[in-house]
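Read through the structure below, which is laid out as structure tokens, and then see the notes.
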Amino acid sequence: MRFVVTGAAGFIGSHLAETLRARGDDVVSVDCFTDYYDPAEKEENARGLDVLRIDLADETLDLDGVDGVFHLAGQPGVRSFGEAFPLYLRRNVLATQRVFQSSAEAGVRVVYASSSSIYGEAERYPTPEETVPRPISPYGITKLACEQLAHAYSTGFGLDAVALRYFTVYGPRQRPDMFFRRVCDLLLGGGTFEIFGTGEQSRSFTEVSDAVRATIAAMDGAPAGATYNVGGGTEASMLEAIALLEGVSGRALDVRHVDRARGDVARTRADVSRIAADLGWEPRVPLADGLSRMWAWASARVATP
Ligand code: NAD
Ligand code: UGA
């Protein structure tokens with residue numbers, strides 16, 4: 001099979017492209033190497049992939065001979081108020097609209113990255129997909145807009161778009177703005193970690209290989225237009241997570257509490273019964289094992305720059 005992976009130089013997209021290639025698929029990797037974080041890291045992620053440098057907000061994807069599109073390109077990060085918002089609109093809403101248009105015209109399935117952030121402070125935990133979405137970050141609003149666009153393209157053009165609401169993904173190559181990555185970098189290099197608020201906020205952390213497995217299973221087997229939560233099995237608070245990483249690394253982290261960040265939800269906990277029933281997917285990697293893998297990657301990266 002021949003697939004397009006957008007965002008292939010990013011954290012999750014690079015793992016996805018590699019896994020698809022390893023199972024024998026032909027992968028067209030697309031990314032425009034935005035400077036949200038150091039593009040040199042994206043070059044590192046994309047090593048071994050031949051990435052087409054296309055800005056999806058401007059340029060059109062050629063989907064001739066393609067069997068499906070994995071659309072992971074986007075502007076991530078929930079702390080998204082202020083000056084950055086036009087970038088969120090462009091890289092999430094506009095780019096996704098253009099990918100949906102091309103996919104609808106080509107008649108191919110799109111599996112795309114949505115987010116747990118569309119729920120905001122959810123009405124119930126664990127949170128099932130039918131929960132009313134009430135995002136509290138501008139980022140979450142752009143991700144919800146993408147889901148609404150999918151609905152419009154499905155109604156107007158019969159587009160088959162499958163939404164994956166990823167819950168805080170971690171593992172090797174995690175973005176440098178994210179929690180575990182910052183903790184690892186500071187445990188390795190020294191310095192003080194700034195924790196937003198009390199540290200009691202919690203997440204359904206999802207290991208990247210679990211996220212990739214769900215993504216491929218969705219392309220291969222999801223019913224048309226499905227929406228799935230993709231969340232890890234263990235909910236942990238940031239303080240618990242720091243303690244786990246301190247245990248794995250054998251080092252102590254210097255922590256300072258700063259104000260809670262706007263747009264940051266107090267809790268996520270995924271109800272994954274729908275994806276389990278439809279696709280037989282369940283998270284496999286326990287948090288402690290995933291953190292060991294991530295620590296091994298982060299320390300090797302520092303050892304061999
Ligand atoms: P990432 O920033 O590492 O990867 C996204 C990639 O998209 C980047 O390499 C960037 O250069 C590329 N990109 C952005 N705009 C583009 C454009 N207009 N044209 C071409 N390429 C463009 O982020 P990630 O953490 O790997 O996230 C991947 C996707 O999953 C994103 O859509 C994100 O919103 C979503 N998501 C991530 C998480 C998470 O925990 N990491 C959770 C929920 C949803
Ligand atoms: C993550 C991704 O960054 C989003 O792109 C994604 O859409 C979202 O998951 C999701 O699940 O949908 P977040 O949960 O905020 O968002 O992930 P982290 O950046 O790893 O933060 C986790 C927690 O650590 C948050 O409560 C945050 O406030 C806290 N944190 C993060 C700190 O206290 N200090 C930091 O320096 C970074």
Response to the item:
Checked pairs for the range 177-199, first more than 8 Å from ligand 2 (Cβ to nearest atom), second open to solvent by 50 Å² or more (accessible area, probe 1.4 Å) and of a type in the set (S, T, Y), C-beta under 8 Å and 6 or more apart or across chains, list as L186/T192
Item to complete: For L144, state whether it is free of Cβ contacts under 8 Å to residues at least 60 places away in the same chain and in a loop (DSSP other than H, G, I, E, B).
Response: no
Practice prompt. Return yes or no: is D160 within 12 Å of ligand 2 (Cβ to nearest atom) and open to solvent by 30 Å² or more (accessible area, probe 1.4 Å)?
Written response: no
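Look through A8, A57 and report the one residue that is hydrophobic (A, V, I, L, M, F, W, C), open to solvent by less than 60 Å² (accessible area, probe 1.4 Å), closer than 27 Å to R182 by Cα and in a loop (DSSP other than H, G, I, E, B).
Of the residues listed, the single one that is hydrophobic (A, V, I, L, M, F, W, C), open to solvent by less than 60 Å² (accessible area, probe 1.4 Å), closer than 27 Å to R182 by Cα and in a loop (DSSP other than H, G, I, E, B) is A8.
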Item to complete: Could you list, in sequence order, all residues of the range 96-143 that are crowded, with 24+ Cβ neighbours inside 10 Å, of a type in the set (A, V, I, L, M) and under 18 Å from T155 (Cβ atoms)?
Response: V99, V110
Worksheet entry | Residues satisfying the stated conditions in the range 185-200, i.e. closer than 21 Å to D264 by Cα and open to solvent by less than 30 Å² (accessible area, probe 1.4 Å) | F193, I195, G197, G199
Worksheet item: Looking at the range 97-109, is at least one residue within 16 Å of ligand 2 (Cβ to nearest atom) and either touching a residue at least 24 places away in the same chain (Cβ under 8 Å) or within 21 Å of I54 (Cβ to Cβ) (or both)?
Response: no
Worksheet item: Residues of the range 255-280 being open to solvent by 50 Å² or more (accessible area, probe 1.4 Å) and either part of a helix (DSSP H, G or I) or in contact with a Phe, Trp or Tyr (Cβ under 9 Å, 6 or more places away or on another chain) (or both), which ones?
Response: V255, R256, H257, D259, R260, R262, R267, R269, S273, R274, A277, D278
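The values are calculated or read from the model by the stated rules, or taken from the named source; none is laboratory data. Just so you know, these numbers come straight off a predicted model, no measurement behind them. Every residue, glycine as well, gets a Cβ built from its backbone with ideal geometry; the counts of neighbours run over all protein chains shown. Areas reflect the complete protein model, heavy atoms only, side chains present, ligands, DNA and RNA absent. Shrake-Rupley method; radii C 1.70, N 1.55, O 1.52, S 1.80 Å.
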